[in-house]
Amino acid sequence: MEIAFYVLAVSAILSALAVVFAKSPVYSVLWLILTFFTIAGQYVLLNAQFLAAVHVIVYAGAIMVLFLFVIMLLNLNIATEPVKPVYMRAYEIVGGCVLCLTMVAAIHTSSFEFTPVNAYDNSIGTIEKLGVTLYNNYIFIFEVSSLLFLAAMIGAVILAKKGDI
Amino acid sequence: MLPYIVFKLILVLVILGLTLLIATYSTYAERKIAAFMQDRLGPDRAGKFGLLQPIADAVKFFTKEDFIPAGADRVLFTLAPAIAMSTALMASVVIPFGNSLILNGMEFPLQVANLNIGVLYISGVVSIGVYGIMLGGWASNNKYSLLGSIRAASQMISYEIGMGIAMVAIIMMSGSMSLHDIVQQQAGPIWKWNIFVQPLGFIIFCTCAFAECNRTPFDLPECEQELVGGYHTEYSSMKLGLFLFAEYVNMFVSSALMSAMYFGGYNIPWIEHLNLPHNVETALGSAFFFIKIFFFIAFFMFIRWTIPRFRYDQLMHLGWRILMPLAIVNMLLTGIILLLIQ
């Protein structure tokens, strides 16, 4: 199991780096899909099969397809990087360094001694457990977030039909 | 543990082989059925009744020149047919091809992986299936290919929704996402088959399966009058072969899913009254399952040569304004009835 974790972790990091370094946006999207798959693999290792499946369906199956659509229709397929002015590059370097500093500080101050809250349970992360938890402990949050989704859907329809309404 | 792993490996190889064999001979069956419906003879030169025709086709595909157009993205152009084929093959992992065999007192289920989330796994695989076609169309660097692939992708995304909601109704009925459990609950008399409790769900699922396989009447991605050959216009040789073959594998998998989810899978009605030995019952059940699959494959083909192609706006209208609301109504009705029965 540990080997599987390290293989997945290393490939997740490598493919995430490839997302940034790929010249063509289509390749970036494909590397990002690979990253999502490795993360889904980590979920499976943690016994969260439902989360893994939903992760693949939503991110790799829906959102990334949309990204590909946009890239293909905008014809962003020329493998050239836009030339940026010098002050933009300076901003980018400063921003990156600040983010890096924040992360290092966060890792530095946190402790890495974990004590599991519950004893290991074979059925944890299965869809039955998840359903019971969602509908008992978090029913209000669950319903509110589904209302939010509904609002977002209606918003999308109205945006798409701008001329007719 | 070791015999279990060996059995699983053999099972994987057998299922892979069977899938490919059935897909190969589906191409033959398709031509014969087309010939029958158009009052022709169909392939009859290679072997007796033309039975060697698929092999001749394969030889032809492999020996043709493998051409990559000048402006194409070589890596993705090569990768795309492989993605299409492998995603098509992946779904058969969770299909229960039979109950279980008992050898030396050990029980070996005839299913590669009885996933707790089998149905979700299927929708996951279906949703990744878009990439092969999309990348193939884009990498060809051809307008018609790109248009065809965009059509195919939007069609598949649209019909995934109806398909998913139709499957939710089945999950509500059986209370489990594992395909093995769904099939087991249809054991016994014939009216326990899900088709009798979910007829509307089946019609929705079946229509969506046709659209997901890009089969007529939903084969707009390769609409010759408008798009030359659609997403595989630029493809030749075995790369084209893989795209075409993936369609037949998809057809096999959807037929298997339809018979497992709605037509009792490997259950033969009333077989438990015969008191047959367990292994014999399993073997008969598997044979019955394959008969159902062949029936659905033939159904796919008869539809192809009967119904003309939709127009693209009609296709989108059907998917979003008819099938999706119907699927939601079906889900609501299932929920209400389940509540009333409790």
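Flag: B:Ser154 matches the condition of being over 17 Å from the mean Cα position of the chain (by Cα), in a helix (DSSP H, G or I) and within 12 Å of another protein chain (Cβ to nearest Cβ).
Checked against (1) crowded, with 24+ Cβ neighbours inside 10 Å; (2) at pLDDT 85 or above; (3) over 18 Å from the mean Cα position of the chain (by Cα); (4) within 12 Å of another protein chain (Cβ to nearest Cβ), B:Ala139 passes all but condition (2). Here is the figure for region A:89-104: residues that are more than 25 Å from A:Thr35 (Cβ to Cβ) and at pLDDT 85 or above total 3. When region A:83-99 is filtered for residues that are basic (Lys, Arg) and part of a helix (DSSP H, G or I), only A:Arg89 remains.
Is there a residue in region B:84-99 that is out of contact with any Pro (no Cβ under 6 Å at 6 or more places or on another chain) and farther than 30 Å from B:Gly264 by Cβ? Scanning region B:84-99 turns up at least one residue that is out of contact with any Pro (no Cβ under 6 Å at 6 or more places or on another chain) and farther than 30 Å from B:Gly264 by Cβ.
Conditions (1) in contact with a helix residue (DSSP H, G or I) (Cβ under 6 Å, 6 or more places away or on another chain); (2) buried (at least 16 other Cβ atoms within 10 Å of the Cβ); (3) among the hydroxyl-bearing types (Ser, Thr, Tyr); (4) within 14 Å of another protein chain (Cβ to nearest Cβ), marked per residue:
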| residue | (1), (2), (3), (4) |
| --- | --- |
| B:Phe49 | no, no, no, no |
| B:Gly71 | no, no, no, yes |
| B:Arg74 | no, no, no, yes |
| B:Pro81 | yes, yes, no, no |
| B:Ala84 | yes, yes, no, no |
| B:Leu101 | yes, yes, no, no |
| B:Glu107 | no, no, no, no |
| B:Val119 | yes, yes, no, yes |
| B:Ser127 | yes, yes, yes, yes |
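The residue that is nearest to the other protein chains (Cβ to nearest Cβ), among those in region A:17-36 that are surrounded by fewer than 20 Cβ atoms within 10 Å (Cβ to Cβ), without any contact (Cβ under 8 Å) to a residue 12 or more places away in the chain and part of a helix (DSSP H, G or I), is A:Tyr27.
Total residues in region B:233-260 satisfying the condition of being crowded, with 22+ Cβ neighbours inside 10 Å and under 16 Å from B:Phe290 (Cβ atoms): the figure is 11. Considering A:Ile124, A:Ile78, A:Ile39, the condition of being more than 10 Å from every other protein chain (Cβ to nearest Cβ), surrounded by 13 or more Cβ atoms within 10 Å (Cβ to Cβ) and modelled with pLDDT under 80 is satisfied by A:Ile124 alone.
For (1) over 30 Å from B:Lys143 (Cβ atoms); (2) among the aliphatic types (A, V, I, L, M), each residue gets a yes or a no:
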position	(1), (2)
B:Trp193	yes, no
B:Phe196	yes, no
B:Leu200	yes, yes
B:Ile203	yes, yes
B:Cys206	yes, no
B:Glu212	no, no
B:Leu220	no, yes
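Against the test of being of a type in the set (A, V, I, L, M, F, W, C), assigned to a loop (DSSP other than H, G, I, E, B) and under 19 Å from the mean Cα position of the chain (by Cα), the options B:Ala91, B:Ala113 yield a single qualifying residue, B:Ala113. Here the condition is being out of contact with any strand residue (DSSP E or B) (no Cβ under 6 Å at 6 or more places or on another chain), surrounded by 14 or more Cβ atoms within 10 Å (Cβ to Cβ) and β-branched (Val, Ile, Thr); of B:Ile15, B:Ile5, it holds for B:Ile15 alone. For the residues B:Phe61, B:Phe49, B:Phe67, B:Phe36, the requirement of being outside any helix (DSSP H, G or I) and of a type in the set (A, V, I, L, M, F, W, C) singles out B:Phe67.
The values are calculated or read from the model by the stated rules, or taken from the named source; none is laboratory data. Fair warning: this is a prediction, and the values are worked out from it, not measured in the lab. Ideal geometry is used to build each Cβ from the backbone, glycine not excepted, and the neighbour counts take in all protein chains shown.
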